[in-house]
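One structure, as structure tokens, below. Some questions next.
The values are calculated or read from the model by the stated rules, or taken from the named source; none is laboratory data. As the structure is a prediction and not an experimental result, all values here were calculated from the model. Virtual Cβ from ideal backbone geometry, glycine too; neighbours counted across all protein chains shown.
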Amino acid sequence: MHPNQIFRTTPEARSLTFARDRAFGVLAISSRGAPLLSHVPYLLSDDGGSADLHLVRSNPLVGASKDGVAATLAISGADGYVSPDWYGLGPDQVPTWNYVAVHLTGRLDPLPPDTLPDMLARQSAFFESRLLPKPPWNMDKMSDDLKTRFLRMILPFRLHIAQVDSTWKLGQNKPDAARESAAARLDDGFGQDLGALAALMRAPQPPD
């Protein structure tokens, strides 16, 4: 997380809402060599206390997590380069990168294999509900043979979340006019989901 506390004042509830909606992140655990990482979809509980996910059996994280292990789920949001010329504050400014990131840290535990069908059903229902008015896909549309092979390939896990950290780096250290001026120029630059980032920069700390 960014060391400047001005970028770390976002209420935990807002960060959890973002993480729940994003539903995709990088799962990381320590190892004797480089950290083990895996990009995973997940389902965050209503209270933000846990995240359910599944891993392919051949994933190195499976073996490392068989007895439970400390883990962090890192979730990234909109991000983009900000040129110092966009602030309108004169020459004594520096380039930066604005972004949103949330880290969910806790203990990753394997779940009983027989909980996998329910987890997958909940995940697909959550994702498919965001595609309405399309009739939602569900596992009943799979043949029994495909479903059996599919369920054999993956295993269920739950991250029990003990700590929520977030950085919402949106130019809060700049005057409102300078931050809004930079937000208006983001489309001239590059990054990820620049429209969403501009909207966040214009209102970096909306009312709860």
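Do you know which of the residues in the range 105-123 that are among the charged types (D, E, K, R) and part of a strand (DSSP E or B) is nearest to Leu170 (Cα to Cα)?
Arg107
Pairs only if they're at least six apart or on different chains, beta carbon under 8 angstrom, first in the range 151-180 and farther than 30 Å from Ala121 by Cα, second crowded, with 18+ Cβ neighbours inside 10 Å and charged (D, E, K, R); list them, first residue then second.
Leu170/Arg179; Gly171/Arg179; Gln172/Arg179
Give me a count of the residues in the range 11-23 that are in contact with a strand residue (DSSP E or B) (Cβ under 6 Å, 6 or more places away or on another chain) and either exposed (fewer than 15 other Cβ atoms within 10 Å of the Cβ) or modelled with pLDDT under 95 (or both).
Of the residues in the range 11-23, 1 are in contact with a strand residue (DSSP E or B) (Cβ under 6 Å, 6 or more places away or on another chain) and either exposed (fewer than 15 other Cβ atoms within 10 Å of the Cβ) or modelled with pLDDT under 95 (or both).
When you scan the range 172-190, do you find a residue that is within 25 Å of Ser76 (Cβ to Cβ), outside any helix (DSSP H, G or I), basic (Lys, Arg) and in contact with a Phe, Trp or Tyr (Cβ under 8 Å, 6 or more places away or on another chain), even just one?
Yes, some residue in the range 172-190 is within 25 Å of Ser76 (Cβ to Cβ), outside any helix (DSSP H, G or I), basic (Lys, Arg) and in contact with a Phe, Trp or Tyr (Cβ under 8 Å, 6 or more places away or on another chain).
Still on this structure, please answer the following. Between a first residue in the range 5-23 that is under 11 Å from Lys169 (Cβ atoms) and a second residue that is part of a helix (DSSP H, G or I) and hydrophobic (A, V, I, L, M, F, W, C), which pairs have beta carbons less than 9 Å apart while being 6 or more apart in sequence or on different chains?
Correct list of pairs: Thr10/Phe18.
Identify the single condition in (1) touching a Pro at 6+ places or on another chain (Cβ under 8 Å); (2) at pLDDT below 95; (3) among the aliphatic types (A, V, I, L, M) that Leu131 does not satisfy, given that it satisfies every other one.
Unmet for Leu131, out of (1) touching a Pro at 6+ places or on another chain (Cβ under 8 Å); (2) at pLDDT below 95; (3) among the aliphatic types (A, V, I, L, M): (1).
Starting from the range 40-53, keep only residues that are at pLDDT 95 or above, then list their pairs with residues that are among the acidic types (Asp, Glu) whose Cβ atoms are within a distance under 6 Å, requiring at least 6 positions of separation or different chains.
Leu43/Asp52
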